[in-house]
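Comments concern the structure below.
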Amino acid sequence: MVNLPEESLIVIKNLRKSFNDDGGVLNNVSINIKEGDLVSIIGPSGCGKSTLLRCLNCLELIDSGYLRVGDVELKRDRPDQRPNEVMLDAAHKIRGEVGMVFQGYNNLFPHKTVLRNVTLAPMVVKKMSPDAAREVAMKQLKKVGLEEYANKYPSTLSGGESQRAAIARALAMNPKVMLYDEPTSALDPELVGEVLQVMKDLDSEGMTQIIVTHEMQFARDASDYIVFLDKGEIVEYDDGDVLFTQPRNPRTKEFLRHFTGMAVAC
């Protein structure tokens, strides 16, 4: 089992989230993530993977538990605890520390150029000057291989190029953590590699990244460790080579057999 220290960039303890009375989407989830790690979250559809990401960037407020990103802490004792000013302020600060790339590749503003899409948030949220925002945006577009596409409109981009532009837009806010929710699932197979390569490049630069993915080979090859989530619970986590070849939990073994067709040790 991967040994995760207490002093981590992200700390999640006893996190619970539900949307109705039928049971929790996330049940008592706890994990620490070190700065610079690339973590892949895998599991069957409906197991809570996307909800976990949305709780991490506070698009969804946790029902109960503890969440820390960097120095910002958010704690909620129980679902019926009314969110107070301290809790809401912490959620707002966490959103500022986290970049998010969603599943679809049509999240850019279609009436704005790629450059304008990337400069908008730094100018509005961080109050950067247009020149400073442009400098940041061009740096991030170059990082994802889209420097020459700055003045194009989203309708002229491929799906892979659009996702890379979305990554540049998130990076322009200088986040401590990047979250990706199935960023390649809507792409044609030949475009998947270019998006995954950006994540590998960011990993080599030390960016902390959490990726919900069905790209099992990428998860195995690129991740510092893989988290298997099922029925709202972390079933097990480990190094990819270990988890894919010698999973300890029967639920993990069953998922890998059915989803990947890989042979796993019994």
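Odds and ends about this structure:
- Checking the cross-link pairs LYS49/LYS253; LYS13/LYS93; LYS112/LYS176; LYS34/LYS231 against a 21 Å limit on the alpha carbon distance flags LYS112/LYS176; LYS34/LYS231 as lying beyond it.
- On full extension, the segment bounded by ALA186 and GLU7 gains 60.8 nm, given 0.36 nm per residue less the C-alpha separation.
- Volume per residue of the C-alpha convex hull in segment 120-266, rounded to whole Å³: 130
- Stretching GLU85 away from TYR153 to a fully extended chain increases their span by 20.5 nm, per 0.36 nm per residue minus the current alpha-carbon distance.
- Accessible-area value, ARG220, 1.4 Å probe, nucleic acids and ligands omitted, Å²: 70
- Residue-averaged [θ]222 nm for the chain, counting only DSSP H segments that reach four residues, each worth -39500 (n - 2.57): -11500 deg cm²/dmol
- Computed over the chain, the ratio Rg/Rh where both radii use C-alpha atoms and Rh is Kirkwood: 0.97
- Residues whose amide H lies under 5 Å from that of MET128, counting only those 5 or more places away or on a different chain, are MET123; hydrogens are built 1.01 Å from N in the peptide plane.
- Diffusion coefficient, µm² s⁻¹, Stokes-Einstein with Kirkwood Rh over alpha-carbon pairs of segment 171-241 at 25 °C and 0.890 mPa s: 186
- Over all other residues within a Cβ to Cβ distance under 13 Å of GLU73, the charged ones net out to +2, with Lys and Arg as +1 and Asp and Glu as -1.
- The apolar share of the surface of segment 95-227, taken as the fraction of accessible area on carbon and sulfur atoms (1.4 Å probe, ligands and nucleic acids excluded), comes to 48 percent.
- Residue (of ASN117, ILE12, VAL29) at the positive-pole extreme of segment 1-131, dipole from beta-carbon charges: ASN117
- ASN32-SER45 pseudo-label distance in nm [points 7 Å out on the Cα-to-Cβ vector]: 3.7
- Accessible area per residue in Å² at 1.4 Å probe, computed on the chain: 48
The values are calculated or read from the model by the stated rules, or taken from the named source; none is laboratory data. Quick caveat, the model's predicted, so the values are computed rather than measured. Note that each Cβ is placed from the backbone with ideal geometry, even for glycine, and that neighbours are counted across all protein chains shown. Calculation scope for accessible area: heavy atoms of the full protein, side chains included, ligands and nucleic acids excluded. Shrake-Rupley method; radii C 1.70, N 1.55, O 1.52, S 1.80 Å.
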